[in-house]
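The block underneath contains the structure these notes are about, expressed in structure tokens.
The values are calculated or read from the model by the stated rules, or taken from the named source; none is laboratory data. These figures come from a predicted structure and were not determined experimentally. SASA here: full protein model, heavy atoms, side chains in, ligands and nucleic acids out. Shrake-Rupley method; radii C 1.70, N 1.55, O 1.52, S 1.80 Å.
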Amino acid sequence: SGLATTASVKDANLGRNLAATCVTCKGKGTGTGTLDGMAKDQLVQTMKDFKSGARPATLMHQLSKGYTEQQVDLIAQYFSQQKAK
């Protein structure tokens, strides 16, 4: 039971942990804007567009290729639940 609880806590924090990298540029308002409060579907589509090359970028086209679809979904879920500043 203790192991299941630990796994659940880790899973619950996975989106936040993955999103921590994004916060370096986006979350503090030092990049091109915060992701807090962005609709989940919009963020997922944006990442897909970066990955496919449909949306040009300086860095994001490379960074987006490092995430699986599941990881992108977790990141988007996390940011969609944050209050926009």
Original post:
When the Karplus curve 6.51 cos²θ - 1.76 cosθ + 1.60 is applied with θ = phi - 60°, which whole-Hz ³J(HN,Hα) does each residue of region 47-56 get, with x for Gly and Pro?
Top reply: 5, 4, 5, 4, 4, 7, x, 5, 10, x
**OP:** Take D41, D73 and sort them by solvent-accessible surface of the protein heavy atoms, 1.4 Å probe, largest at the top.
**Re:** D41, D73
